[in-house]
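Structure first, then comments.
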Amino acid sequence: MSSKLRPETTTATTRALPDDTALFLIRDAVAKRRILIHGRLDDAYGNHCAIGCFWTDNPKLVLRSSLIDEVAAVNDSVPPGPGSAQKRWKKVNAWLRWKLRVLTAKESSRGK
């Protein structure tokens, strides 16, 4: 199944990364940049959306389409406009940190 929000992605025949592992890698890839584009993986200037950042850094890894759509929805929640690429980066970065805090809290409560 391909992504609804990033139709340029392709369906893979190999197994996708677990979502928690993928989120850590997406966070690391986004943190290396200072802007994120809207509505597509990459642009003609070498800029990327959050998922595009991930695949630029990890070209052989596979993500589930539902995770691609979730991250793309947050990425695209800041509409295009003046200064929006930096605002988008801040929003996605904050959301990824929150999402990972929630996941790690769930994991630590399971271990108790």
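Laboratory data are not the source of any read-out in this text; all were calculated from the coordinates shown. This is a predicted model, so every value here is computed, not measured. Heads up, the Cβs are rebuilt from the backbone with ideal geometry, glycines too, and the neighbour counts pull from every protein chain shown.
So here's what we get for this one:
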{"read-out": "Descending semi-axes in Å of region 1-58, equivalent ellipsoid built from Cα gyration tensor", "value": "19, 16, 9"}
{"read-out": "Selection of trypsin sites (Lys or Arg not before Pro), region 4-67, meeting DSSP coil and at most 15 other Cβ within 10 Å", "value": "K4, R15, K32, R34, K60"}
{"read-out": "Length-normalised contact order for the chain - Cα pairs under 8 Å, 6+ apart - percent", "value": "31"}
{"read-out": "Estimated vicinal HN-Hα couplings, Hz - region 18-27 in sequence order (Karplus 6.51, -1.76, 1.60; Gly, Pro = x)", "value": "x, 4, 5, 5, 4, 4, 4, 5, 5, 4"}
{"read-out": "Three-way shape label, the chain, alpha-carbon gyration tensor, a/c 1.5", "value": "oblate"}
{"read-out": "The chain - mean residue ellipticity at 222 nm from DSSP helices (-39,500 (n - 2.57) per run, n ≥ 4, rounded to 500)", "value": "-17000 deg cm²/dmol"}
{"read-out": "Ranked packing of 49-55, 20-26, most packed first, by mean Cβ within 10 Å", "value": "49-55, 20-26"}
